[in-house]
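The values are calculated or read from the model by the stated rules, or taken from the named source; none is laboratory data. Model, not experiment: these values are computed from the prediction. Cβ placement follows ideal geometry from the backbone for every residue including glycine, while neighbour counts extend to all protein chains displayed.
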Amino acid sequence: MKDYLIFSGSSNLQLSEAVAKIMGQPLGKVDLNRFADGESRPWIQENVRGKTVFIVQSLSKSSDENFMELAFMADAIKSGTPRSMIAIIPYLGYARQDRQARPGEPISARVIATFLEACYFDEVITVDIHNTAVIGFSRIPTQNITAKDIFVNRIKEIIDENTIVVSPDIGSAKRSRKIADATNLPMITVEKNRPVDQWDNTEMEEVHADISGKNVIIYDDMISTGGTIINCTKILKNAGARAVTVCATHGVFAGNAIQNIFDSGVTKLIVADTIKLPEYRDTRIEQISVADLLTKTIKEILG
């Protein structure tokens with residue numbers, strides 16, 4: 001009998017199943033039940049004693065519910081005396097809230113780190129965290145793995161001699177530069193100004209480069225409302241860009257983000273499966289999997 005178990009929360013069962021399939025065993029049995037008033041009541045139906053236990057759960061919409069479900073699963077598993085317990089959080093919600101923009105606001109990323117410590121996890125695994133400095137909030141060993149290489153491989157399949165990489169803002173320039181270098185493409189950056197009291201609304205400046213007839217690749221770690229992408233795309237299209245392909249690890253897609261993004265002129269969206277996509281899927285959205293990356297990390301932990 002294998003000495004490890006992989007459990008899935010309810011946020012992204014499809015990704016968890018993909019990981020379990022690669023590992024060659026089914027997911028651990030858990031009843032993710034709720035009381036009539038909506039309170040979470042997970043029931044672990046496996047013997048976890050002496051085993052290494054992994055819980056896969058993204059803190060995506062609804063972040064609060066998914067986090068509490070993760071915490072309750074951790075408490076139930078810990079009471080069964082596992083050898084170790086590891087949280088695999090492909091999308092770590094609240095990671096953008098890594099500083100206090102105004103007096104009286106919480107540093108939510110620090111609060112989440114403290115909560116994970118209180119859940120007695122031995123390690124946390126995440127993918128393309130928004131700001132790696134957030135890892136410093138936690139006293140638990142935290143590994144941030146990157147999906148860059150799977151995006152590089154996909155981008156190489158669609159580029160031509162007229163392709164350039166565009167960073168939608170200065171904050172994304174480092175990530176975009178890595179993509180540009182890995183694909184041997186030129187890169188330009190568009191700057192933005194974001195009011196401190198409007199986290200999901202952005203103002204863009206003009207692009208200062210000749211992009212007429214170019215196929216543009218935009219790469220970022222996440223898309224929420226899509227404000228940055230939408231404004232950037234409009235500027236690029238007005239400047240003569242022929243096509244705009246947007247790549248992002250985390251497709252949060254808050255509100256009407258998907259429709260608004262395509263209305264702005266985006267040709268194609270490529271996102272990872274760290275977050276479950278809405279039931280309605282536009283055919284212009286492509287999803288690539290991080291299951292192999294997570295499986296590799298699990299195997300390294302197991303030795």
Q.
Looking only at the range 47-65, how many residues end up being in a loop (DSSP other than H, G, I, E, B), of a type in the set (D, E, K, R) and crowded, with 16+ Cβ neighbours inside 10 Å?
A. 2
Q: Quick one: count up the residues across the range 31-80 that are touching a residue at least 40 places away in the same chain (Cβ under 8 Å) and within 24 Å of TYR91 (Cβ to Cβ).
A: 20
Q) Given the conditions (1) farther than 28 Å from ILE6 by Cα; (2) of a type in the set (S, T, N, Q); (3) at pLDDT 95 or above, which single one is not true for SER167? A) (3)
Q | Subset of the range 115-135 [free of Cβ contacts under 8 Å to residues at least 24 places away in the same chain and touching a strand residue (DSSP E or B) at 6+ places or on another chain (Cβ under 9 Å)] | A | THR132, ILE135
Q: Consider ILE285 carefully, then state whether it is under 23 Å from SER10 (Cα atoms) and touching a Gly at 6+ places or on another chain (Cβ under 6 Å).
A: no
Q) Going through the range 41-66 one residue at a time, which ones are among the hydroxyl-bearing types (Ser, Thr, Tyr) and at pLDDT 95 or above? A) THR52, SER58
